[in-house]
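Q: Sharing a structure with you now.
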């Protein structure tokens, strides 16, 4: 009995042990069997279905499969490309900005800013691009967002804002705006302590606020990194009376520009800058030589005009030193016109030239006629000849030349105005023609007081007093001290029965004439 | 009702159709159809006005053919439950009445669908419904999406097409900028208009796909797969179209953005989408072949797996071709052995299922039921024809005409401190989401520049948020305000929006809608505006508000600024908006007075 009990107990124990150990296993096996059974069912079902598949469906389904595959490939490529977009757009934007292709640069920067919102540099460059496209408001708003006035933001933005303020203040000085510019510059200096641009802008600020002496150290620091600024420094020092330092600065500018030019003879900016420096250093021949070399290297470059400008500059120096007309002056003008026959500055100087001796006048006249025969600046030459003839009291000749000038270039409104005046005051006067000409001038410039005065005078001569009154009264605010205008108004009011007003204008004309004679 | 039942060669109980459908039933159908006509005509006009719904005549023909083809073999003797008939008829009548009272073409469409379902069950019973419901389902494509959801769908599709195209253009290294639904390249700008959104091909492709699914007896799983595939292919095809237009237009300056080139691209896109849908269907057929009756397989599949397999198989494969043949199709395509096996199996199955399923007796509609139907719908139909019985009272409907053409001089050169500096007229396509016509005046003051525009015509208040989103604007704040808040005694209101774009681009917009007699509209966003006509029908309508069915225009002020506008700037803009509104209102009032005078003169002459 005991043995049986023991066996039962052992069996029970064994069963318990088996149950304990294998119970969970049975459960897992059961679940596994069910899962496998499920998969088997699906597989069985699929296999049964696939027995009835038709290969023609695969052929017909190929287009969808291929297009789906292509879409998948494109999607993967597009996804991969997204990781490189920022760099690619930055490169494209930079290249566009360098090439000054601002419309394209705007598109790329806008996209770049959308892709990389954190980058201040991208937003700054976008603002610069927008400013170049004329969207100044938005550019300023972006910069102000990057560089608030009350905190230190992006250095380049502070610098840009300071420059903008200085630019606007140049036209209309505004003390509070200049204070803001100073604040921006201070913050820019904190962020960009070694940037030459900051010092250069500081110097500009001090010059704008009339503190030239404070500008000098900043300009000196800027010039160390930007040697082309030595030229500006020379001007500044010269204006402060520090001539020796100015000379030294000019020499350093000269040396720097020479080095640059030696490295790249086609550097127009360096060559023109060097010519300016040499001119200011009194080395006129050196400047001419530099510019002549440039003209030889690049005949279609800006050097002919630069040579003419240098010669005119020299002419002014000589004219200031000489008390009377010097043959050298004519030669200088002749050379200037040879380099740039269309130089209006040279032609204008020709008008006043030769007021002295008959030989000088004749020489100037020949020079002008040579230009006319050569077909250079013909309308303007006619204008100059006509003006000179009028001053020489040769109205027929003046009329001829001015008419030619106006016929060749109707935009020469001063010419037309003079022509109309002459026609109205000729003997006999051609008032209708004069009125036609001055009407066409007023179509271009309807508010010009001089032209209104001319027409008013012509209408007075035509005895159309009511119309003349309109023009003369509109011209009056612009020419309050014109004696002829007041005399004409007096005539008009008298003819319109306004005696009192006529007398007042008479009195004014008299007083003004006396004052001008006294002067 | 007497009916003759026979056992036909397919072993199915059928009826003698000529006696099953009596004259009373025919009258009932005719009355129900006629009752819907007054609402169907404006519905058809509305569908025709929207270019993406212009396929509806073809769809109606197709659904009609499908329904007729499938309905021929239906067992109409099965009848239905009278409770269901009553319930459906009540619902259909209620919907039709609501549509007439609220003058809603959308509700009219829902009423038509409910009535058609009701008629199918009423006179054909469950048997006819079981056969014809796919054709009925296809008709839902003609029901316009409610609450301007089709506009939202257009905008969403425009955005999807734009974003996908942008991704591909980046992969092609074509640098560009996306702003809303505008793709900008150096020297070129492409607006992804409604036509390029794919909305036209979307509805047409979905209709064709549904036809394919119904005709080919696919199962529910294939329905879901193929419809999803159709949506995908429409988006892909349209994205390809956008990419092609951008590349061809920017690189070779080909005229693909408008005219015949644009139309050809659209046709190609549609054909491509349809082709890919068909190809996808064949691919699915290869990967998941249709179920065929296999006795060996059926035998082995009994037991605990049989239910799962049968359910799963039916769900995937739909009806087997043999079962479809038993239902009256494809008999010629099945072998004789299959047929005999199938006939016996299916007949046995149908008897067992009918015994199993029938719990209550189904009946044909009694004469009194048909009579009630005729009376109810007859009254509804007649009521719609009597002016004022259901619709708005006479005299409130404004002239059905957009405002007179405007010119620069219609706005004063000086409006307070604002000076007019520009004017232009913009004419777009008639179903452009923004507007058909825009008259735009530009005003300037102290460096601020504002665009005042008059846009339309619209049928109702037009929410500008979607159009502005298409231009890349994000709405930071939207507020409806009543005119009474600003001290005016007129009803209605206007909406103010504060918008922003990427990086220092902000805008302030004010807009309000009016009819051509300058009566204001209450701004509505969604459903609640529709309650106004009900209130008007029940109580005294507000004569000062625009009629619900009148043509409307919208006055819009748009001011863009790099910085967020200050309150002072907003007040300036509000002043200008209300000055312009009052100016136009004055003109409109003068026009109405002139018309009244002319009318009285004509009457005097007649006397």
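Q: Please work out if residue A:35 is more than 9 Å from chain B (Cβ to nearest Cβ) and over 30 Å from residue B:178 (Cα atoms). Reasoning before the result, please.
A: Values: more than 9 Å from chain B (Cβ to nearest Cβ): yes; over 30 Å from residue B:178 (Cα atoms): yes.
Yes: the conditions hold for residue A:35.
Q: Within the range B:185-219, take every residue that is crowded, with 21+ Cβ neighbours inside 10 Å and in contact with a strand residue (DSSP E or B) (Cβ under 9 Å, 6 or more places away or on another chain) and give me the one that is nearest to the other protein chains (Cβ to nearest Cβ).
A: Within the range B:185-219, the match that is nearest to the other protein chains (Cβ to nearest Cβ) is B:190.
Q: Which ones in the range A:52-81 are within 22 Å of residue B:239 (Cα to Cα) and at the interface with chain B (Cβ under 7 Å from one of its Cβ atoms)?
A: Step one: of the range A:52-81, the residues within 22 Å of residue B:239 (Cα to Cα) are A:61-81.
Selection gives A:61, A:63, A:64, A:65, A:67, A:71, A:74, A:77, A:78, A:81.
Q: Moving to a separate point now. Restrict the check to the range B:110-129 and report whether at least one residue is more than 14 Å from every other protein chain (Cβ to nearest Cβ) and on the phi > 0 side of the Ramachandran plot. Give the steps one after another, and end with the answer.
A: Narrowing the range B:110-129 to residues more than 14 Å from every other protein chain (Cβ to nearest Cβ): B:110-129.
Going one step further and asking which of them are on the phi > 0 side of the Ramachandran plot, we end up with B:125.
Yes; the residues of the range B:110-129 include at least one that is more than 14 Å from every other protein chain (Cβ to nearest Cβ) and on the phi > 0 side of the Ramachandran plot.
Q: Still on this model: Which of the residues that make up the range B:243-265 are buried (at least 16 other Cβ atoms within 10 Å of the Cβ) and within 30 Å of the chain's Cα centre (by Cα)? Give the steps one after another, and end with the answer.
A: At the first step, the residues of the range B:243-265 found to be buried (at least 16 other Cβ atoms within 10 Å of the Cβ) are B:243-250, B:256-257, B:262, B:265.
Those that are buried (at least 16 other Cβ atoms within 10 Å of the Cβ) and within 30 Å of the chain's Cα centre (by Cα): B:243, B:244, B:245, B:246, B:256, B:257, B:262, B:265.
To keep it simple, each residue is scored yes or no on (1) modelled with pLDDT under 85; (2) within 20 Å of residue B:154 (Cβ to Cβ); (3) assigned by TED's automatic domain parsing to the domain that holds residue B:153; (4) not in a helix (DSSP H, G or I).
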{"position": "B:222", "(1), (2), (3), (4)": "no, no, yes, no"}
{"position": "B:231", "(1), (2), (3), (4)": "no, yes, yes, no"}
{"position": "B:253", "(1), (2), (3), (4)": "yes, no, yes, yes"}
{"position": "B:257", "(1), (2), (3), (4)": "yes, yes, yes, yes"}
{"position": "B:276", "(1), (2), (3), (4)": "no, no, yes, no"}
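Q: Could you figure out which of (1) away from every other protein chain (no Cβ under 11 Å); (2) within 27 Å of residue B:505 (Cα to Cα) isn't true of residue B:169?
A: It is condition (1) that residue B:169 fails.
Q: Out of A:346, A:270, which single residue is surrounded by 14 or more Cβ atoms within 10 Å (Cβ to Cβ), more than 27 Å from residue A:370 (Cα to Cα) and touching a helix residue (DSSP H, G or I) at 6+ places or on another chain (Cβ under 6 Å)? Spell out how you get there, then give the answer.
A: Numbers: A:346 fails: more than 27 Å from residue A:370 (Cα to Cα).
The conditions single out A:270.
Q: Could you tell me which of the residues A:158, A:256 is within 25 Å of residue B:561 (Cα to Cα), in contact (Cβ under 8 Å) with a residue 12 or more places away in the chain and more than 14 Å from chain B (Cβ to nearest Cβ)? Write out each step before concluding.
A: Details: A:256 fails: within 25 Å of residue B:561 (Cα to Cα).
The match here is A:158.
Q: Going through the range A:228-251 one residue at a time, which ones are without any contact (Cβ under 8 Å) to a residue 40 or more places away in the chain and crowded, with 18+ Cβ neighbours inside 10 Å?
A: A:229, A:230, A:232, A:233, A:236, A:237, A:246, A:249, A:250
Q: Quick one: residue A:486 ticks every box in (1) part of a helix (DSSP H, G or I); (2) farther than 26 Å from residue A:515 by Cα except a single one, so which number is it?
A: If we test residue A:486 against (1) part of a helix (DSSP H, G or I); (2) farther than 26 Å from residue A:515 by Cα, just (2) comes out false.
Q: If you scan the range A:114-139, which residues turn out to be facing chain B (nearest Cβ under 9 Å), surrounded by fewer than 20 Cβ atoms within 10 Å (Cβ to Cβ) and in a helix (DSSP H, G or I)?
A: A:114, A:137, listed by residue number.
Q: I need the full set of residues from the range B:379-395 which are modelled with pLDDT of 85 or more and surrounded by fewer than 16 Cβ atoms within 10 Å (Cβ to Cβ), in order please.
A: B:379, B:382
Q: If you scan the range A:289-341, which residues turn out to be surrounded by 14 or more Cβ atoms within 10 Å (Cβ to Cβ) and assigned to a loop (DSSP other than H, G, I, E, B)?
A: Within the range A:289-341, A:298, A:301, A:302, A:325, A:326, A:340, A:341 meet the criteria.
Q: For the range B:490-507, check the following and say yes or no: at least one residue is in a loop (DSSP other than H, G, I, E, B) and at pLDDT 85 or above.
A: Pass one, the range B:490-507, residues in a loop (DSSP other than H, G, I, E, B): B:490-492, B:502-504.
Next, only the ones that are at pLDDT 85 or above stay: none.
No, the conditions are met nowhere in the range B:490-507.
Q: Now a separate question. Could we say that residue A:91 is exposed (fewer than 15 other Cβ atoms within 10 Å of the Cβ), more than 8 Å from every other protein chain (Cβ to nearest Cβ) and within 27 Å of the chain's Cα centre (by Cα) here?
A: Numbers: exposed (fewer than 15 other Cβ atoms within 10 Å of the Cβ): yes; more than 8 Å from every other protein chain (Cβ to nearest Cβ): yes; within 27 Å of the chain's Cα centre (by Cα): yes.
Here the answer is yes, as residue A:91 does meet what is asked.
Q: Count, please, the residues in the range A:97-113 that happen to be assigned to a helix (DSSP H, G or I), under 20 Å from the mean Cα position of the chain (by Cα) and more than 8 Å from chain B (Cβ to nearest Cβ). Before you say what the answer is, go through the steps one by one.
A: The initial filter retains those residues of the range A:97-113 that are assigned to a helix (DSSP H, G or I), namely A:97-98, A:102-113.
Okay, now just the ones that are also under 20 Å from the mean Cα position of the chain (by Cα), so A:97-98, A:102-106.
Okay, now just the ones that are also more than 8 Å from chain B (Cβ to nearest Cβ), so A:97-98, A:102, A:105-106.
Total satisfying the criteria: 5.
The values are calculated or read from the model by the stated rules, or taken from the named source; none is laboratory data. A quick note: this is a predicted structure, and the numbers were derived from the prediction, not measured. All Cβ positions, even for glycine, are placed from backbone atoms using ideal geometry, and neighbour counts span all protein chains on display.
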